[in-house]
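Comments concern the structure below.
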Amino acid sequence: PGAANTVGAVGEAWASRSPVVIVATDIPTRLRKTGVYRGVLHECTDQAALFAPITKTTPGSLRSALRDAITPPTRPVYVGIPSDILTNDAPPERTPPELIPRTASVAPLVDALAASRRPLVWAGGGTRDAGDAIDAFARRIGAPVVTTYQARGLLAPDHPLLVPAPPHEPEVTALIERADLAIVAGSDLDQMNTMQWRLPLPERRVAVNIDGADAAKNYPMTAVVESDARVLELTANELEPRETWAGDLGALGTAIRARLAADPATRDAVTFLESTEAALPPDVAVFADMCIAGYWLAGHFRVETRRGLHYPMGWGTLGFAFPAAIGASTVRPTVAVAGDGGALFALGELSALAELGTPCTLVVVDDCGYGMLRYGYTTTAANDLPPVDYAAIARAFGIASASIDGVGSEYAQALARAVASRVPWLLHVRARLHPPATTTPFWPMKSTT
């Protein structure tokens with residue numbers, strides 16, 4: 001059951017392409033009868049089969065598992081070890097050869113750029129460790145850069161070529177329509193980022209991806225360069241510099257924020273964004289759950305550092321943010337933002353945080369229900385939740401806490417104090433926010449399929 005309890009998290013890691021190794025014990029080999037369920041405590045007829053659809057491999061050794069997980073394309077790996085052999089001596093293993101990044105000819109990309117006047121870079125999660133390459137390449141060809149959820153923070157918020165809002169916002173969709181070439185780096189152009197593949201990407205598209213089939217499975221490609229995204233930095237050196245064609249992208253971001261702030265439905269959400277941005281120093285990593293507040297952070301939060309925002313867009317897993325933020329808080333300060341529904345998935349982790357004492361702040365944005373279900377559905381008992389005193393729960397674990405109404409200055413000040421303390425905190429924030437255009441019912445471009 002301990003292994004089974006990890007399946008939801010491993011599924012998210014698989015869909016988000018995270019290199020996670022799951023080491024799970026199993027019942028002793030001496031108690032196992034092949035093909036027979038005997039009723040041994042914790043017995044499963046085929047524990048590895050639970051993980052088969054959501055892991056890359058199930059190798060026979062831990063060394064192989066560690067290597068497989070980090071070999072591109074990265075994904076989780078499962079290793080099962082019967083409990084009676086945990087103390088056995090491990091046989092010696094040959095040291096594996098070093099990983100060598102795969103490269104390919106960039107001639108198709110260079111040729112496509114020669115025929116392009118308005119190139120655009122679409123950067124996905126596969127570019128997370130190629131920020132310098134994306135920066136150099138985009139500056140060389142004057143291309144605006146659209147980042148997916150997984151690539152947020154790849155470029156600094158004030159970077160002159162960063163498109164400062166998600167592709168779902170009409171102004172960004174219009175910018176993409178003006179491009180005559182898309183360089184799609186490290187992305188499979190998934191459903192959620194493209195509004196179910198309705199986004200009007202240019203007809204000419206060149207993918208840079210270590211997995212050619214993955215790159216072209218959703219949109220046809222003019223060409224595919226099967227390589228690590230870092231090859232773009234080398235490509236930039238072969239190109240003549242160009243001026244940008246996209247105009248002032250900083251002003252575009254300001255205009256989008258102003259439009260959202262002027263709309264009564266989304267005004268409070270903009271206040272929440274700006275309060276959060278004002279409260280957090282650059283070294284804090286933000287973990288956003290699948291909740292309305294998390295949707296706003298994922299699409300619009302100004303991410304100051306690479307890998308500064310984490311969001312479970314692979315599976316859309318509720319309860320992701322808080323446990324993930326606790327893990328990351330062992331190396332840097334973190335803030336987890338969850339709704340009251342999602343927080344209930346993982347409140348027991350307050351015990352782990354109390355023991356660790358690491359700088360992690362949990363913000364529970366409480367609208368007394370599964371807020372997203374209130375939009376497009378009739379309010380019923382199915383999506384209403386009884387009031388919970390989250391601050392009292394935190395205090396019961398010995399963790400500092402506060403309760404706040406609204407997402408304005410009081411919230412910003414409390415969040416700043418909590419983060420500055422560098423100790424565990426919980427902020428219970430009572431507020432209702434309207435979902436952004438990044439959520440399915442509010443996609444500006446509706447799918448007919």
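The values are calculated or read from the model by the stated rules, or taken from the named source; none is laboratory data. Quantities reported herein were computed from a predicted structural model and do not represent experimental measurements. Counting neighbours? That spans all protein chains shown, and the Cβs are built from the backbone with ideal geometry, glycine included. Each accessible area value is taken on the protein alone, full model and side chains, heavy atoms only, with ligands, DNA and RNA left out. Shrake-Rupley method; radii C 1.70, N 1.55, O 1.52, S 1.80 Å.
Given Cα positions, please report Rg to Rh for the chain, the hydrodynamic radius being the Kirkwood one. Spell out each step's value before the answer.
On the way: Rg = 23.4 Å, Rh = 23.6 Å.
Here the Rg-to-Rh quotient is 0.99.
Could you calculate the FRET efficiency of Val423 with Ser351 from 1/(1 + (r/R0)^6), where r is the beta carbon distance between them and R0 is 22 Å, rounded to 0.05?
On the way: r = 16 Å, r/R0 = 0.71.
For R0 = 22 Å, the calculated efficiency reads 0.90.
Please go through the range 1-87 and write out the chymotrypsin sites (Phe, Trp or Tyr not before Pro) that DSSP classes as loop and that have at most 11 other C-beta atoms within 10 Å.
On the way: sites: Trp14, Tyr37, Phe51, Tyr78; in loops: Tyr37.
Here the chymotrypsin sites (Phe, Trp or Tyr not before Pro) that fit, given the DSSP loop and packing criteria, are Tyr37.
Roughly how large, in nm² to one decimal, is the mean projection of the convex hull of the alpha-carbon atoms in the range 1-73?
Numbers: hull surface 20.6 nm².
Value for the range 1-73: 5.1 nm².
Of all accessible surface on the range 28-90 at a 1.4 Å probe, what whole percent is carbon and sulfur? If you can, show how the numbers build up before the last one.
On the way: 2210 of 3940 Å².
The value for the range 28-90 is 56 percent carbon and sulfur by accessible area.
Translational diffusion coefficient, Stokes-Einstein: compute it for the range 267-413 using the Kirkwood radius over C-alpha pairs as Rh, at 10 °C and 1.306 mPa s, and state it as an integer in µm² s⁻¹. Let's see the in-between values first.
Working: Rh = 15.6 Å.
For the chosen part, D equals 102 µm²/s.
Taking the Kirkwood radius as the inverse of the mean 1/r across Cα pairs, report the Rg/Rh of the range 254-310.
On the way: Rg = 11.4 Å, Rh = 11.8 Å.
Radius of gyration over Kirkwood radius for the range 254-310 works out to 0.97.
Set Lys and Arg Cβ to +1 and Asp and Glu Cβ to -1, take the dipole of the chain about its Cα centre, and tell me which of Gly212, Pro333, Gly406 lies farthest positive.
Checking the options against the dipole of the chain, the answer is Gly212.
Take the range 267-352, drop everything but the C-alpha atoms, weight them equally and run the Debye formula without solvent; then report log10 I(q)/I(0) at 0.13, 0.22 Å⁻¹ to two decimals.
Result of the Debye calculation: -0.38, -1.08.
Choose one answer from Pro359, Pro28, Pro200: the residue with the largest mean-square fluctuation in a GNM of the chain with alpha-carbon springs under 10 Å.
Per the Cα network of the chain with a 10 Å cutoff, Pro28 tops the list.
Let's see if you can work this out: charge +1 on each Lys and Arg Cβ, -1 on each Asp and Glu Cβ, no other charges. What is the dipole magnitude of the chain about its Cα centre, in debye to the nearest 20?
Values: 38 positive and 46 negative charges, 83 e Å.
Computed charge dipole of the chain: roughly 400 debye.
How far is it, in nm, from the label point at Asn383 to the one at Ala258 when both lie 7 Å from their Cα along the line to the Cβ?
Between Asn383 and Ala258, the label points sit 3.3 nm apart.
Using alpha carbons only, what's the Rg to Rh ratio of the range 193-314 with Rh from Kirkwood? Each step should come with its number before you reach the end.
Values: Rg = 18.2 Å, Rh = 17.8 Å.
Ratio of gyration radius to Kirkwood radius for the range 193-314: 1.02.
In the range 1-159, what is the volume of the convex hull around the alpha carbon atoms, normalised per residue and reported in Å³?
Details: hull volume 25.7 nm³, N = 159.
So the per-residue hull volume is 162 Å³.
Give me the percent of the accessible area of the range 160-252 that comes from carbon and sulfur atoms, probe 1.4 Å, all protein chains in place. If you can, show how the numbers build up before the last one.
On the way: 1890 of 3780 Å².
Taking all protein chains in place, the range 160-252 shows 50 percent carbon and sulfur surface.
Please give the charge dipole size of the range 203-275, origin at the Cα centre, charges +1 on K and R Cβ atoms and -1 on D and E Cβ atoms. Round to the nearest 20 debye. Don't skip to the answer; put the middle values down first.
On the way: 8 positive and 13 negative charges, 63 e Å.
So the dipole magnitude of the range 203-275 works out to roughly 300 debye.
Treating the range 46-90 as a set of equal point scatterers at the Cα positions, no solvent, please give the Debye-formula log₁₀ I(q)/I(0) at q = 0.14, 0.29 Å⁻¹.
Debye output, listed in q order: -0.35, -1.05.
Using the Cα centre of the range 113-233 as origin and beta-carbon charges of +1 (Lys, Arg) and -1 (Asp, Glu), tell me which of His168, Thr147, Ser116 is placed farthest towards the positive end of the dipole.
The listed residue farthest towards the positive side: Ser116.
To the nearest 500 deg cm²/dmol, what mean residue ellipticity at 222 nm is calculated for the chain from DSSP H runs of n ≥ 4 alone, each contributing -39,500 (n - 2.57), summed and divided by the residues?
Working: 16 runs with 136 residues, N = 449.
Taking each H run of at least 4 residues, the total per residue is -8500 deg cm²/dmol.
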